[in-house]
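Here is the structure we will look at, set down as structure tokens.
The values are calculated or read from the model by the stated rules, or taken from the named source; none is laboratory data. Bear in mind that the values here come from a model prediction, so they are computed numbers and not experimental data. Please note: Cβ atoms are built from the backbone with ideal geometry, for glycine as well, and neighbour counts cover all protein chains shown. What goes into the accessible areas is simple: the full protein's heavy atoms, side chains included, and nothing from ligands, DNA or RNA. Shrake-Rupley method; radii C 1.70, N 1.55, O 1.52, S 1.80 Å.
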Amino acid sequence: MTDQPTELPGEDAGQAQPATIQYARPAVAAASGDGAGDLTDALIAADQWTDDMVAAAGIPVTDVPFVSVGGGIGSFVTVDYLRVAGVPPSRMAVLTNLDFPWQTYKYLTRVSQIPEPERIRSDSASRPDNIWGFPSYALAEAIGDRTFAPLWQVLVEPIFADYYTPKAGRVFAGLERELKRIGFDQMLVKGQVRMIRKRAGGGYFIILTPMVGSAATKRLAYRAEFVHVAVGYPGLKFLPELQDFRTEHKDFHHVVSAYEEHEHVYETARTKHIVVMLRGGGIVASRVLQRLMDDRAKYGLSTDIVHLFRTYIASSHGPNAWNRRKGGNGFAYQGFNYPKSVWGGQLKARMRRLEGNDRAQAYKLMGGTNTPWRRRWQAQMNEGRAAGWYRTMAGTVEQMRLEEGKIVSTVKTSAGLVDVAADFVIDCTGLEADIAEHRVLADLLEHSGVGRNPVGRLDVERTFELRGAGSGPGVMYASGATTLGGYFPGVDTFLGLQVAAQEIVDDLARRGFCRRMGSLRSIRQWIRWAQNKEP
Ligand SMILES: Cc1cc2nc3c(=O)[nH]c(=O)nc-3n(C[C@H](O)[C@H](O)[C@H](O)COP(=O)(O)OP(=O)(O)OC[C@H]3O[C@@H](n4cnc5c(N)ncnc54)[C@H](O)[C@@H]3O)c2cc1C
């Protein structure tokens, strides 16, 4: 790269010097070719691009040593680590279609019934706005609200109280403070990333379609030595019969996903008696159920709920007496989406050694849909079961049809086919689309040399480098949901994204992009964090 790494005087001397890529251009180059500033057939077809090919297409090139693609929480925690490690904003760019990193998370949690005053699923183990995790959310809440309650909860959880988890609003406020502190806006470039291709001579080109009217050309190119891909969920996935129903009847009102706006369902319940069919057994199903039950109690409603589980968990389950997960009334119960030791215990160590089918099997064993056991939810469901307005069933839907204004689902159960008529169907099953449905990832699979891991997502090394996608001294990394199935299981969580960021930053330090953070710097940086001063 044309830039040199930041000097951090007095720390961790004697590290490897950066393997820099030499470019003939200045940091920001104007378009120089006769091309129209758009992708050409030659560019689209080639796995590797030369500087001349991009210049001939007339696409302006900007040199930035490190580019993060996505701009969500995964990008944020990665550049946060790098900023704390001493990398200035001028050496990094975040290419994104988001205005702020928690935008997608905020949207998804809101529509799936975790508004700002509600508590999220994960606990104090990770703070995406604080790489040290101290003070924890529980301590911060205790100090901020002048109460011992969160500290007491942490002390007695999970036996005498549910796990402590922070309110969504507190998480967002912390992220906003850190965003300002690290100068995130100086790195933010808005647009839609179209593709990432290897550069002849090392590094990568990232093609961005800028916001309409914000640039003179249709595309902009970023030339980087290091690329980080954190594009989140490839997309919503509807079960086939739900998709068929929605397409055939053009009905996006009565059959909805919990991950899209569906406030009208709760509003309708306040105007008349309705039957809601709920599908899925994860935390989102629990949240939607809670909202229906809360509203029922709060407004004196008569809503009936039919809850369909594809896999009905009747009791504790697992391969042996030591390896069991609690369950009952359809749900598999677990505080967090994986056993806690995947983030830093024996499961983390074990998974790092597993390859191929062994790893896929381990994922199968510890994975599966689950939800926390919470006292409030249990009490509400017990009440609903006793009064008959909350019913559960196990089976799969064979067919859905419209009959006299109701959505009738034919459910295949162990006792045969059963018809269930409902006014609304809320699907809480999935954000699990295949990675190839994301345009950038499909392009990477075709052109970068990266393959799929044992569960079908992007194949990453233990350092989160995309295996096979190296380009000279250049390296491409990925973190988040697209890498599930790798050596580290909890990737799609705040803590998982932070663990990945730590691995990536350590690897970048080995390659000379930044200095490895020693204890002294870490302590000094924590003090700066506490004082809300820029790194
Ligand atoms: C309902 C719900 C509740 C959750 N609760 C918790 C919790 O309590 N604790 C926890 O630890 N985790 C939780 N998670 C998981 C958490 O949301 C994720 O770990 C985290 O948000 C993922 O961050 P990310 O950066 O990978 O993806 P995102 O935050 O989604 O960011 C990636 C973004 O990249 C952008 N993008 C994609 N493609 C392109 C492109 N081509 N060009 C430009 N931009 C692009 C998109 O806007 C996308 O949103 C929850 C998830 C959901 C859905």
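Tell me, please, whether a residue that is in a strand (DSSP E or B), surrounded by 17 or more Cβ atoms within 10 Å (Cβ to Cβ) and either of a type in the set (Gly, Ala, Ser) or within 16 Å of the ligand (Cβ to nearest atom) (or both) can be found in segment 161-181. Walk me through how you get there before you give the answer.
The first filter runs over segment 161-181 and keeps only residues in a strand (DSSP E or B), leaving 167.
Next, from what is left, pick out any that are surrounded by 17 or more Cβ atoms within 10 Å (Cβ to Cβ): 167.
Adding the requirement that they be either of a type in the set (Gly, Ala, Ser) or within 16 Å of the ligand (Cβ to nearest atom) (or both) leaves 167.
Checking segment 161-181: at least one residue is in a strand (DSSP E or B), surrounded by 17 or more Cβ atoms within 10 Å (Cβ to Cβ) and either of a type in the set (Gly, Ala, Ser) or within 16 Å of the ligand (Cβ to nearest atom) (or both).
Would you point out the residue of segment 438-455, among those that are under 28 Å from Ile114 (Cβ atoms) and either part of a loop (DSSP other than H, G, I, E, B) or at pLDDT below 95 (or both), that is nearest to the ligand (Cβ to nearest atom)?
Looking at the filtered set, the residue picked out is His438.
Say we look at segment 191-209 and pick out the residues that are within 10 Å of the ligand (Cβ to nearest atom) and either open to solvent by 10 Å² or more (accessible area, probe 1.4 Å) or assigned to a loop (DSSP other than H, G, I, E, B) (or both); which of these is farthest from Thr396 (Cα to Cα)?
Looking at the filtered set, the residue picked out is Thr209.
For Pro135, all conditions in the list (1) free of Cβ contacts under 8 Å to residues at least 12 places away in the same chain; (2) open to solvent by less than 50 Å² (accessible area, probe 1.4 Å); (3) not in a loop (DSSP other than H, G, I, E, B) hold save one; what is the number of the exception?
(3) is the only condition that Pro135 fails.
Need the failing condition index for Asp427 against (1) among the acidic types (Asp, Glu); (2) farther than 20 Å from Tyr233 by Cβ; (3) open to solvent by less than 10 Å² (accessible area, probe 1.4 Å), just the number.
Exception for Asp427: condition (2).
Just to verify a result, which residue in segment 138-155, among those that are touching a Pro at 6+ places or on another chain (Cβ under 9 Å) and open to solvent by 20 Å² or more (accessible area, probe 1.4 Å), is farthest from the ligand (Cβ to nearest atom)?
Taking segment 138-155 as the starting set, the residues that turn out to be touching a Pro at 6+ places or on another chain (Cβ under 9 Å) are 138-143, 150.
Now drop any that are not open to solvent by 20 Å² or more (accessible area, probe 1.4 Å), which leaves 139-140, 143.
Details: Leu139: 18, Ala140: 16, Ile143: 22 Å.
Looking at residues that are touching a Pro at 6+ places or on another chain (Cβ under 9 Å) and open to solvent by 20 Å² or more (accessible area, probe 1.4 Å), I get Ile143.
Restricted to segment 485-527, and to residues that are assigned to a loop (DSSP other than H, G, I, E, B) and out of contact with any Gly (no Cβ under 9 Å at 6 or more places or on another chain), which residue is farthest from the ligand (Cβ to nearest atom)? Explain how you work it out, then say what you get.
Let us first name the residues in segment 485-527 that are assigned to a loop (DSSP other than H, G, I, E, B), namely 485-493, 511-518.
Those left that are additionally out of contact with any Gly (no Cβ under 9 Å at 6 or more places or on another chain): 486-487, 493, 511-513, 516, 518.
On the way: Gly486: 14, Tyr487: 17, Thr493: 3, Arg511: 23, Gly512: 26, Phe513: 21, Arg516: 24, Gly518: 28 Å.
Per the stated criteria, the residue is Gly518.
Filter segment 99-127 down to residues that are open to solvent by less than 20 Å² (accessible area, probe 1.4 Å) and within 6 Å of the ligand (Cβ to nearest atom) and give me whichever is farthest from Leu155 (Cα to Cα).
Per the stated criteria, the residue is Ser112.
Could you list, in sequence order, the residues of segment 71-97 that are farther than 21 Å from Tyr137 by Cβ, near the ligand (Cβ under 7 Å from one of its atoms) and open to solvent by less than 20 Å² (accessible area, probe 1.4 Å)?
Gly71, Ser75, Leu95, Thr96
Here's the yes/no breakdown for (1) of a type outside the set (D, E, K, R); (2) in contact (Cβ under 8 Å) with a residue 24 or more places away in the chain; (3) exposed (fewer than 13 other Cβ atoms within 10 Å of the Cβ):
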position	(1), (2), (3)
Arg375	no, yes, yes
Met381	yes, yes, no
Gln399	yes, yes, no
Glu404	no, no, yes
Thr410	yes, no, no
Asp423	no, yes, no
Leu431	yes, yes, no
Ala442	yes, no, no
Gly451	yes, no, yes
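Of all residues in segment 210-232, count the ones that are within 14 Å of the ligand (Cβ to nearest atom), closer than 25 Å to Leu484 by Cα and hydrophobic (A, V, I, L, M, F, W, C).
4
Considering only residues that are free of Cβ contacts under 8 Å to residues at least 12 places away in the same chain and closer than 27 Å to Tyr164 by Cβ, which ones fall in segment 298-315? Full working, then the answer.
Taking segment 298-315 as the starting set, the residues that turn out to be free of Cβ contacts under 8 Å to residues at least 12 places away in the same chain are 298, 300.
Passing the criteria: only Lys298.
Got a sec? Which strands (runs of 3 or more DSSP E) wholly within segment 277-353 have at least 2 residues that are closer than 27 Å to Thr493 by Cα and open to solvent by 70 Å² or more (accessible area, probe 1.4 Å)? Outline the logic, then answer.
Details: elements: 304-309, 317-320, 323-328, 331-333.
Counting at least 2 such residues, we get 323-328.
Out of the residues in segment 233-264 that are over 23 Å from the mean Cα position of the chain (by Cα) and either part of a loop (DSSP other than H, G, I, E, B) or within 14 Å of the ligand (Cβ to nearest atom) (or both), which is surrounded by the most Cβ atoms within 10 Å (Cβ to Cβ)? Spell out the reasoning first.
Filtering segment 233-264 for residues over 23 Å from the mean Cα position of the chain (by Cα) gives 240-255, 263-264.
In the following step, the residues that additionally are either part of a loop (DSSP other than H, G, I, E, B) or within 14 Å of the ligand (Cβ to nearest atom) (or both) were identified as 250-254.
On the way: Lys250: 7, Asp251: 14, Phe252: 13, His253: 13, His254: 20.
Checked segment 233-264; the qualifying residue surrounded by the most Cβ atoms within 10 Å (Cβ to Cβ) is His254.
Which residue pairs have Cβ atoms closer than 9 Å, lie 6 or more positions apart in sequence or on different chains, and pair a first residue in segment 81-106 that is under 16 Å from Asp507 (Cα atoms) with a second residue that is in a loop (DSSP other than H, G, I, E, B) and polar (S, T, N, Q)?
Short answer, once both residue conditions are applied: Ala85/Thr6; Gly86/Thr6; Val87/Thr6.
Report the residue count in segment 423-437 for those that are modelled with pLDDT under 95 and not in a helix (DSSP H, G or I).
Counting residues in segment 423-437 that are modelled with pLDDT under 95 and not in a helix (DSSP H, G or I) gives 8.
For (1) in contact with a helix residue (DSSP H, G or I) (Cβ under 8 Å, 6 or more places away or on another chain); (2) modelled with pLDDT under 95; (3) under 30 Å from Asn357 (Cβ atoms); (4) surrounded by fewer than 16 Cβ atoms within 10 Å (Cβ to Cβ), each residue gets a yes or a no:
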| position | (1), (2), (3), (4) |
| --- | --- |
| Asp459 | no, no, yes, no |
| Thr482 | yes, no, yes, no |
| Pro489 | yes, yes, yes, no |
| Gln498 | yes, no, yes, no |
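Looking at Gly328, Gly356, which is the one that is over 23 Å from the mean Cα position of the chain (by Cα), closer than 27 Å to Pro166 by Cα and modelled with pLDDT of 85 or more? Steps first, answer last, please.
Working: Gly356 fails: closer than 27 Å to Pro166 by Cα.
Exactly one of Gly328, Gly356 is over 23 Å from the mean Cα position of the chain (by Cα), closer than 27 Å to Pro166 by Cα and modelled with pLDDT of 85 or more, namely Gly328.
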